[in-house]
Amino acid sequence: MSDATPAFAPLPRLRLTPAFLIGATLVGLHVVVGLLTLIWTPYDPTAMTGGRLAPPSLAHWAGTDRLGRDLFTEIMIGARIALSVGIGAVAIAAAIGVTVGLLAAFASRAVDDVLAATLDILIAFPTLLLAMLIVAASDGASLGTAILAIGIAASSIVARLTRILARRVLAMDYITAARVSGTGWLGIVRIHVLPNIWPTLIVNFALQFGLAVIAEASLSYLGLGAPPPNASWGRLLQEAQATVYTAPFGAIAPGIALVSLVIGLNLFADGLRDVADPTRRRR
Amino acid sequence: MADLLTIENLTIRHVGRPLVSDVSLSVAAGERVGLIGESGSGKSLTALAAIGLLPDGMTASGSIRLSDREVIGSADRDVAGLRGTAVATIFQEPLTALDPLMRIGKQIAEAVRRRAHRDGRSVDVQAEVLGLMVRVALPDPARLARAYPHEMSGGQRQRAAIAMALACRPSLLIADEPTTALDVTTQAEVLTLLETLVREENMGLLFISHDLPVVGTAVDRVVVLRAGEMVEQGPIAEVFGRPRHPYTLGLVEAARAFDQAIGAAL
Ligand SMILES: Nc1ncnc2c1ncn2[C@@H]1O[C@H](COP(=O)(O)OP(=O)(O)OP(=O)(O)O)[C@@H](O)[C@H]1O
Ligand SMILES: [Mg+2]
């Protein structure tokens, strides 16, 4: 067969799968709600605006908590907290993880072995335990310590993934070809390694984002997250626990918020991979 | 005339075990040298050693001079200066030789830009890329430049890889089984292209292959490797006409038998 006739269609357009659209919508909804709380909430989150533990009504879409505060307002603020934790933790994890992972991938055998072993130990350490230690070591729980703790815990996973992905790319002939033609290490990272590993990394970041949201909810549930009034969903869940039989919606509503964000992030992640990786686009 | 590449008594070891022993060969400007041998005989390792890119954990001893500079024992940054001006490579599997996530035009442009930067020239990168694509006979360059490697045929990919090597304007081209992954017709086309370009640019060529007929048409001199050892070398007609070593004889007879079988079938 001759290769004289080009056997390819015009470049494919991006494929927006239903899963990606649902994911983007869910995440987008949380982002809009989170941003909205900066300028407007239905009620003052600290004000008692109704009867205690009232069921959902037109005035209080998610009912009220045990102090009579509007639960929907608190859940909206929770979205803002969850998103800031996710963004902060993923930024920290990405900065530390990608740097360490790339260093390990380029390092000599001996350095790489040490780094790989260290990462394996760190990864074996439960995220929540590590986060609790960091929160405990700092002077009091705050949103900042939670973000830092979760970010550091996640960075070891990002580092290991980066190292594996980068190693695979570095073994390719086009890397040798680039080196033969005199490209330096930084050039290779910028031109070849990062573009090739980022589709997988971005998916992992989105997954880590979801895990960070869950981790923060868990920390808050344990009383190690941000203190009120900027309560996170974890704290709402914890407060609702005592009254879960009499007022189940206090637990259900923040639960729905948490799950919908995490599911949205996961669907969004898969869609992103297709966008970032041209070899996965269908014609 | 000064040799572009001179390898003397090259031995490559991996945890003490020799993978290549006592290999010597040289390539002069405009000369085309074949390196042949069965799979695993150490052809690729010899080529990698020549450009100072042996895999981790391998050590080379002996002497390798690339453009009159010693490669063995030099710091990577000294050798790096030679790469991209003195030598360029083309690999066996064009799919892994091209970055899967970068458009072809951009990959060739990187090579063009790097070379121009080294020479301190300013070039019209776009025009030069299209020019190179025309030279390697890629059809519809303006459109193909926007294609990703997986959207091209094997032959087109290998042509693109050759264009990238050409962009480096090397004095020595190392081609490691550049046609093995291609079907016979495409193989012949790519070989002809390589031959023409090497002659036009007066490049030296180190052509690695296990395929006797392919080597026979592409080179002037040949070095035969077996299990990491050099068993024979000399002008192509001499080695293949009167093979001295039983291994070479075996190769030649196998090729002849194949030709006869083809002839009988036709
Ligand atoms: N990274 C490596 N680590 C250890 N051994 C290796 C490595 N790369 C190659 N070898 C060994 O070195 C020997 C020579 O390998 P080389 O790749 O040079 O063979 P080749 O002649 O190019 O074969 P082919 O025709 O299949 O490409 C083989 O026995 C192989 O197993
Ligand atoms: Mg080989």
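The values are calculated or read from the model by the stated rules, or taken from the named source; none is laboratory data. All values derive from a computational prediction rather than experimental measurement. So basically every Cβ, Gly included, is an ideal-geometry build from the backbone, and we count neighbours across all protein chains shown. What goes into the accessible areas is simple: the full protein's heavy atoms, side chains included, and nothing from ligands, DNA or RNA. Shrake-Rupley method; radii C 1.70, N 1.55, O 1.52, S 1.80 Å.
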The number of residues in the range B:159-183 that are at the interface with chain A (Cβ under 10 Å from one of its Cβ atoms) and either of a type in the set (Lys, Arg) or farther than 30 Å from B:Asp68 by Cα (or both) is 3
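Looking at A:Gly144, A:Gly140 in this structure, which one is in a loop (DSSP other than H, G, I, E, B) and either among the β-branched types (Val, Ile, Thr) or open to solvent by 20 Å² or more (accessible area, probe 1.4 Å) (or both)? Steps first, please.
Working: A:Gly144 fails: in a loop (DSSP other than H, G, I, E, B).
A:Gly140 is the lone residue from the list that is in a loop (DSSP other than H, G, I, E, B) and either among the β-branched types (Val, Ile, Thr) or open to solvent by 20 Å² or more (accessible area, probe 1.4 Å) (or both).
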Wholly inside the range B:83-192, helices (runs of 4 or more DSSP H) that include 2 or more residues that are in contact (Cβ under 8 Å) with a residue 40 or more places away in the chain are B:94-97, B:104-119, B:154-167
Of the residues in the range A:42-100, those that are charged (D, E, K, R) and either touching a residue at least 40 places away in the same chain (Cβ under 8 Å) or assigned to a helix (DSSP H, G or I) (or both) come to A:Asp65, A:Arg66, A:Glu74, A:Arg80
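Scan the range A:50-101 for residues that are touching a strand residue (DSSP E or B) at 6+ places or on another chain (Cβ under 7 Å) and either at pLDDT 90 or above or more than 16 Å from A:Ala253 (Cβ to Cβ) (or both) and jot them down.
A:Gly51
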Only unsatisfied item for B:Ala175, checking (1) at pLDDT 90 or above; (2) under 14 Å from the mean Cα position of the chain (by Cα); (3) in the same structural domain as B:Val252 (by TED's automatic domain parsing); (4) more than 16 Å from ligand 2 (Cβ to nearest atom), is (4)
By my count, helices (runs of 4 or more DSSP H) wholly in the range B:209-266 with at least 1 residues that are away from chain A (no Cβ under 14 Å), among the β-branched types (Val, Ile, Thr) and within 16 Å of ligand 2 (Cβ to nearest atom) are B:212-218
Only one of (1) away from ligand 2 (no atom under 16 Å from the Cβ); (2) surrounded by 16 or more Cβ atoms within 10 Å (Cβ to Cβ); (3) within 9 Å of another protein chain (Cβ to nearest Cβ) does not apply to B:Leu193, and that is (3)
Hey, B:Ala147 under 26 Å from B:Ser41 (Cα atoms), more than 16 Å from ligand 1 (Cβ to nearest atom) and open to solvent by less than 10 Å² (accessible area, probe 1.4 Å) or not
no
Selection over the range B:94-111 where residues are more than 21 Å from B:Thr186 (Cα to Cα) and touching a Gly at 6+ places or on another chain (Cβ under 9 Å) yields a count of 2
